[in-house]
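Report on the following structure.
The values are calculated or read from the model by the stated rules, or taken from the named source; none is laboratory data. This one's a predicted model, so the numbers in the text were calculated from it and none came from an experiment. Note: areas computed on protein heavy atoms with side chains; ligands, DNA, RNA excluded. Shrake-Rupley method; radii C 1.70, N 1.55, O 1.52, S 1.80 Å.
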Amino acid sequence: MRQTEAVFQRKLIKQYEADGWYVLKIIQCNKPGWPDLLLIKGDQYRLVEVKAADGRVSPIQKYRHAELELLGIPVAIIKP
């Protein structure tokens, strides 16, 4: 049985929080294509795009991720 993106994301959030990260799920943003999760631990931060095993990054997500990386902010794409 295929794991949905929502189920995988909930598991991932629990895993990150267990590892000491403060996790924010970005539900709505003024920038379409913004990554799903913002992780903060001390002075470290990460942006994470969560996808199902067969999920694809949309063109607007690719654009936004490239824009963020030009600003020196890497975006991780994580699948189960």
| Of I40, I27, I77, I13, which has the most accessible area and how do the rest follow, probe 1.4 Å? | I27, I77, I40, I13
| message | At 222 nm, what value in deg cm²/dmol follows for the chain if DSSP H runs of at least 4 each add -39500 (n - 2.57) and the sum is divided by all its residues, to the nearest 500? | response | -10500 deg cm²/dmol
| task | Give the long-range amide H neighbours of G33: residues separated by 5 or more places, or on another chain, with amide H under 5 Å away, using H modelled in the peptide plane at 1.01 Å from N. | result | none
| Ignoring ligands, DNA and RNA, what percent of the 1.4 Å accessible area of the stretch 8-80 is carbon and sulfur? | 55
| field | Computed accessible area, K31, all protein chains, 1.4 angstrom probe, square angstrom | value | 90
| Taking N as its residue count, the alpha carbon Rg of the stretch 17-74 over 2.2 N^0.38 Å | 1.17
